[in-house]
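Since the structure comes first, as structure tokens, the remarks are kept for the end.
The values are calculated or read from the model by the stated rules, or taken from the named source; none is laboratory data. Please read these numbers as outputs of a predicted model, since none were measured by experiment. Neighbour counts run over all protein chains shown; Cβ positions are idealised from the backbone, glycine included.
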Ligand SMILES: *Cc1c(COP(=O)(O)O)cnc(C)c1O
């Protein structure tokens with residue numbers, strides 16, 4: 001059977017066609033009025049998408065580059081940082097703080113669960129000298145959403161910053177940066193922002209900018225100060241990925257036109273539809289506090305999760321993600337973010353059911369599809 005290729009993993013994600021086309025435009029010089037006008041528009045619209053009045057810095061790197069920038073610009077070697085570890089990406093924060101020699105405290109949360117804000121509050125009471133709490137908007141490895149708003153209520157009353165890795169969530173999963181008192185939100189281009197990998201972002205609050213002046217860690221390419229100063233001149237300190245920025249401008253145009261409330265709501269409905277479909281097939285969702293941008297489905301007992309994931313690809317043309325580390329083979333992760341729509345989700349649900357049936361675990365695909373459609377029709 002011939003199937004169209006569908007990229008439904010939680011990043012990289014499918015690229016908006018207009019964005020692909022515009023990135024094929026002839027190159028222009030980055031120190032020109034023409035490009036400055038593009039950057040001005042991009043910096044402006046990034047604020048809308050990050051739901052902030054603060055500047056959003058732009059780096060030419062993958063998302064992790066902006067994570068590293070946050071650590072290098074905010075932390076000190078003689079002051080502790082607090083890292084929330086509830087999966088692969090929370091762990092990455094700790095790997096970066098340790099690489100920079102920052103004394104690192106951790107709150108370990110079992111995979112599949114979200115951090116309890118009370119644990120963070122307790123920790124900060126004991127260690128008010130903590131520079132920043134590093135956490136994750138959408139913990140992509142477990143498809144869990146941490147309670148960012150509640151964490152912001154805690155840190156905003158202290159001298160500690162709240163730094164959120166929003167790489168897989170931003171532009172889909174609700175994130176109200178200023179209203180939720182988030183000091184730094186880091187994002188990457190290849191997930192809900194609908195363009196290829198290669199750009200990273202960090203919104204920076206006044207509290208964070210102030211703190212960045214006190215940091216004693218080395219930085220050069222990723223200096224917040226240099227990037228921040230260049231925003232005022234509608235530019236970046238070094239040559240940015242010009243073609244990706246054309247693509248970004250196109251994607252941001254579309255997002256601003258749709259509006260962030262509408263975008264958050266659309267993803268919320270997609271998440272609910274997917275979970276309803278999964279449950280109606282008699283399956284379970286791995287995440288206790290699921291994100292809206294991707295769904296982690298438990299692989300039923302007796303089914304080889306590796307084989308299931310492979311079937312998606314080889315039989316149905318759909319790329320999804322499996323589990324990582326100790327949950328490898330135990331979950332499949334299906335994204336519904338950015339340039340993906342409900343019919344992509346429906347295809348993924350059908351493939352999930354067909355794959356399971358093929359592997360000997362019978363499920364009612366019709367019931368799954370009906371439940372998902374019902375949620376969409378109610379929207
Ligand atoms: C994808 C992802 C990253 C990794 O970003 P890179 O662009 O590969 O550096 C970090 N954090 C989260 C939550 C992600 O989903």
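For this structure, a couple of remarks:
- Residue list for the stretch 82-103, restricted to those being in a loop (DSSP other than H, G, I, E, B), out of contact with any strand residue (DSSP E or B) (no Cβ under 8 Å at 6 or more places or on another chain) and under 30 Å from residue 299 (Cα atoms): none
- Any hit, the stretch 238-251, residues being more than 23 Å from the chain's Cα centre (by Cα) and under 15 Å from residue 55 (Cβ atoms): no
- Filter pass, residue 164 being without any contact (Cβ under 8 Å) to a residue 40 or more places away in the chain and within 12 Å of the ligand (Cβ to nearest atom): yes
- Among strands (runs of 3 or more DSSP E) entirely within the stretch 104-179, having at least 3 residues that are over 30 Å from residue 259 (Cα atoms) singles out 104-108.
- Test: residue 68 is within 19 Å of residue 237 (Cβ to Cβ), assigned by TED's automatic domain parsing to the domain that holds residue 186 and modelled with pLDDT of 95 or more: yes
- Selected residue [surrounded by fewer than 22 Cβ atoms within 10 Å (Cβ to Cβ) and under 22 Å from residue 86 (Cα atoms)] from 253, 292, 261, 298: 298
- Failed item in (1) in a loop (DSSP other than H, G, I, E, B); (2) over 20 Å from the mean Cα position of the chain (by Cα), with residue 21 passing the rest: (1)
- Some residue of the stretch 93-107 being surrounded by fewer than 24 Cβ atoms within 10 Å (Cβ to Cβ), within 12 Å of the ligand (Cβ to nearest atom) and modelled with pLDDT of 95 or more: yes
- Residue in the stretch 216-230 that is more than 30 Å from residue 101 (Cβ to Cβ) and in contact with a helix residue (DSSP H, G or I) (Cβ under 8 Å, 6 or more places away or on another chain) present: no
- The set of residues from the stretch 117-161 being within 16 Å of the ligand (Cβ to nearest atom) and either surrounded by fewer than 16 Cβ atoms within 10 Å (Cβ to Cβ) or within 19 Å of residue 80 (Cα to Cα) (or both) comprises 133, 134, 135, 136, 151.
- All conditions but one from (1) at pLDDT 95 or above; (2) within 16 Å of the ligand (Cβ to nearest atom); (3) in a loop (DSSP other than H, G, I, E, B) apply to residue 216; the one that does not is (2).
- Counted residues, the stretch 143-172 - those being within 20 Å of residue 111 (Cβ to Cβ) and under 16 Å from the mean Cα position of the chain (by Cα): 12
- Taken over the stretch 60-78, the residue count meeting the criterion of being under 16 Å from residue 105 (Cα atoms) and within 16 Å of the ligand (Cβ to nearest atom) is 1.
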